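Asks: My questions all concern the structure below.
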Amino acid sequence: MSTRKRLIAIVDDEFDIAQLFHDALVTINGFSVFAFTDPITALEHFAANRDNYVIIISDLRMPSINGMDLVKKIKELNPFVRTILMTAFGIKDDLFQEYAKKEIINGFLQKPIHLADLYTEVNNQLHNYELQKQKLLIKIK
């Protein structure tokens with residue numbers, strides 16, 4: 001069992017949402033949860049800690065970097081991290097479909113988000129992360 005702290009980040013330019021999700025997820029044992037309102041700061045933190053991150057939850061529409069660009073950059077730095085995109089808007093975007101198919105986006109949440117739905121999606125992604133890591137370990141052996 002690794003003693004390394006695993007990380008989860010919430011990235012949303014609305015402080016109240018980032019803080020609410022942070023407060024909800026900080027109760028998960030074995031994880032440190034970070035909330036960012038600036039996607040560039042979030043990306044810098046991720047780059048400095050890429051091997052410790054497990055999940056990134058990002059809003060779609062943000063200033064400077066939108067959520068799809070952010071998760072793409074994150075996957076380029078660490079393809080194993082699980083990404084969840086959230087938005088209050090409908091998505092009928094071919095790029096979104098392509099990213100979902102290529103697993104650049106691993107999950108999606110439609111705002112308004114109930115905390116039970118957030119927990120369910122995060123737990124699903126944690127499970128998938130662990131399965132992915134186990135498959136990698138089996139290939140290495």
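All of the numbers you see were taken from the coordinates with simple rules; none came from a lab. Values in this document were obtained by computation on a predicted structure and should not be read as measured data. Cβ sites come from the backbone with ideal geometry, for glycine too, and all protein chains shown count toward neighbours.
Asks: Please work out how much length the chain gains when fully extended from Asn49 to Glu130, using 0.36 nm per residue of separation minus the C-alpha to C-alpha distance, in nm with one decimal.
Replies: 27.3 nm
Asks: Under a crude label model (7 Å from the Cα following the beta-carbon direction), how far is Leu77 from Thr120 in nanometres?
Replies: My value for the distance between the label points is 3.1 nm.
Asks: Then there is this: Taking amide H positions as placed 1.01 Å from N in the peptide plane, with prolines and chain starts having none, which residues 5 or more places from Ser58, or on another chain, fall under 5 Å of its amide H?
Replies: Under 5 Å from the amide H of Ser58 lie the amide H atoms of Val11, Ile84, Leu85, Met86, each far enough along the sequence or on another chain.
Asks: Here is a further query. What do you get for trypsin sites (Lys or Arg not before Pro) in region 81-139 restricted to DSSP loop and a cutoff of at most 13 other Cβ within 10 Å of the site's Cβ?
Replies: Answer by residue number: Lys92, Lys102.
Asks: If each DSSP helix of 4+ residues adds -39,500 (n - 2.57) and the sum is divided by the residues in the chain, what number results at 222 nm, nearest 500 deg cm²/dmol?
Replies: My calculation for the chain gives -15000 deg cm²/dmol from helical runs alone.
Asks: Would you work out the relative contact order for region 35-117, in percent, from Cα pairs under 8 angstrom that are 6 or more residues apart?
Replies: About 27 percent, as a whole number.
Asks: So if R0 is 30 Å, what FRET efficiency would Lys111 and Ile138 give, r being the distance between their Cβ atoms, rounded to the nearest 0.05?
Replies: For R0 = 30 Å, the calculated efficiency reads 0.20.
Asks: Sticking with this one: Tell me which GluC sites (Glu not before Pro) from region 66-105 have a DSSP coil assignment and no more than 10 other beta carbons within 10 Å of their own. Provide the component values of the computation, followed by the final result.
Replies: On the way: sites: Glu76, Glu98, Glu103; in loops: Glu103.
For GluC sites (Glu not before Pro) across region 66-105 that sit outside H, G, I, E and B with at most 10 neighbouring Cβ atoms in 10 Å, the list is empty.
Asks: Would you work out the charge dipole size for region 43-137 about its Cα centre, treating the Cβ of every Lys and Arg as +1 and the Cβ of every Asp and Glu as -1, and quote it to the nearest 20 debye?
Replies: The calculation lands at about 120 debye.
Asks: Which of Leu77, Leu126 has the fewest other C-beta atoms within 10 Å, and how do the rest follow up to the most?
Replies: Details: Leu77 13, Leu126 18.
Ascending number of Cβ neighbours within 10 Å: Leu77, Leu126.
Asks: So which of Lys5/Lys101; Lys75/Lys139; Lys5/Lys102 end up more than 24 Å apart, counting from Cα to Cα?
Replies: Over 24 Å Cα-Cα: Lys5/Lys101; Lys5/Lys102.
Asks: With an 8 Å cut-off on Cα pairs and a minimum separation of 6 or more residues, tell me the relative contact order of the chain in percent.
Replies: Relative CO of the chain lands at 20 percent.
Asks: Two decimals is fine: what is log10 I(q)/I(0) at q = 0.11 Å⁻¹ for region 1-125, from a Debye sum with one equal scatterer on every Cα and no solvent?
Replies: Here the Debye-derived log intensity ratios amount to -0.32.
Asks: At a 10 angstrom cut-off on C-beta neighbours, averaged per residue, how do the peptides 108-119, 14-25, 58-69 rank from highest to lowest?
Replies: Per-residue mean Cβ counts within 10 Å order the peptides as 58-69, 14-25, 108-119.
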